[in-house]
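Undergrad: First, the structure itself, so that you have it in front of you.
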Amino acid sequence: MQTTEEMSLTDLGEFGLIGRIRERFPAPEGVTGIGDDCAVIPQRSGRDTLVSTDMLIEGTHFLRRDIPPYRLGWKSAAVNISDIAAMGGLPTATFLSVALPADLETGWMEEFLRGYADISRRFGVALLGGDTTASPDRICLNVAVLGECPSGAARLRSAARDGDLVCVTGCLGDSAGGLKAILEDVERDADVQALIDRHYLPLPRVAEGLRLAATPGVHAMMDISDGIGSDLKHILEASSPLQDKSSGLPPESPLPGATIDVPSLPLSPALQRVCARLGWDAAALATGGGEDYELLFTCTPEAERSLDVPHTVIGVIRDLPGIEWRGAKGPVAGFDHFRKL
């Protein structure tokens, strides 16, 4: 049997690595640290500051030969703004750090900044600083984002409760379908291009997150970056009474689980047509593809009936461990950066 020291990152997995880091750096009293979409830092003015950061590396997150720099600039800011939306907060500022090959054309960077600026203006987010350095060959981008919400109002992953409905905004799988089309060099008709647009130009659900956070009975929430096959597990693990005493579950409660009705997953007409034509599994893309940047949340049935946010009910939280994927054609797994493909 391998010891911890002998394990590779492939053995440990992305979320195992995050767990190890979280164990070594516990959050100070009153602060929500590693484990949610953002850290939550209480302020004296009755507001909480939300902080998150995300990295995009050429060859892992994007292909320079395919993505226009404008779209990469847009996406770099969007995926971070989405983290604020996932907490039910209002984004306020970003910090951008870039590592660039010395031979990169200045026109490329101008277009990148134009895309970054356009989405920043759309959400009223200021760029306040960052860092620049040279890279041997690949582009590396890191964005830190700041946001705020009323004190104690942030929606955490750890708040799911037995009997909650599991809901999502928007459609799932479009971004994964777009990425698959790029990697397989599929001919780009209108439907395929629509999926690629969803992959390259995500739109953070800030307004929806604010309305959900203001609705009593909406409990856990996060954005869908790794596919619900992974992201729902994060909510369930965080909501375990063994992990987080703020979940609202009594100590004797069993580990929470969920039942998901796979045929109920919201799929766009474009994704359904492309999958039918090319023989792709739309449900697998919707559950395991990721980068939709829609909101995944749990709420009481009463709260669900009162929501003014377009959404789809896809399942229910139950008091039995594990996730039952009703109607799935095979095993369901989300994205993991260190899992072998």
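Undergrad: If amide hydrogens are placed 1.01 Å from N in the peptide plane, which non-local residues have theirs closer than 5 Å to the one on residue 62?
TA: Result for residue 62 returns 57.
Undergrad: Collect residues whose amide H, placed 1.01 Å from N in the peptide plane, falls under 5 Å from the amide H of residue 135; neighbours closer than 5 in sequence don't count.
TA: 100, 102
Undergrad: Oh, and also: Mind computing the radius of gyration and Dmax over the alpha-carbon atoms of segment 58-176? Å is fine for both.
TA: In Å, with Rg to one decimal and Dmax whole: 16.8, 56.
Undergrad: Show me 140-150, 99-109, 122-132, 154-164 ranked by packing, highest mean number of other Cβ atoms within 10 Å first.
TA: Per-residue mean Cβ counts within 10 Å order the peptides as 154-164, 140-150, 122-132, 99-109.
Undergrad: Simple spin-label model, 7 Å along Cα-to-Cβ: residue 320 to residue 93 in nm?
TA: About 5.1 nm separates the two model spin labels.
Undergrad: In Å and whole numbers, how far do the C-alpha atoms of segment 157-326 stretch along each principal axis, longest first?
TA: 55, 30, 23
Undergrad: May I ask you to sort 234, 61 by Cβ crowding, counting other Cβ atoms within 10 Å and putting the fewest first?
TA: Fewest-to-most ranking of 234, 61: 61, 234.
Undergrad: Could I ask something else about it? Near the amide H of residue 130, under 5 Å away, which other amide H atoms are found, from residues 5 or more places off or on another chain, if H is placed in the peptide plane?
TA: Those lying under 5 Å, H to H, from residue 130 are 96.
Undergrad: Just to be sure I understand the model, the point goes 7 Å from the Cα along the line to the Cβ. What's the resulting residue 57 to residue 193 distance in nm?
TA: 3.4 nm
Every read-out reported here was derived from the displayed coordinates using simple, explicitly stated rules and does not represent laboratory data. Every value quoted in this text rests on a predicted model; they were computed, and no experiment measured them. Counting neighbours? That spans all protein chains shown, and the Cβs are built from the backbone with ideal geometry, glycine included.
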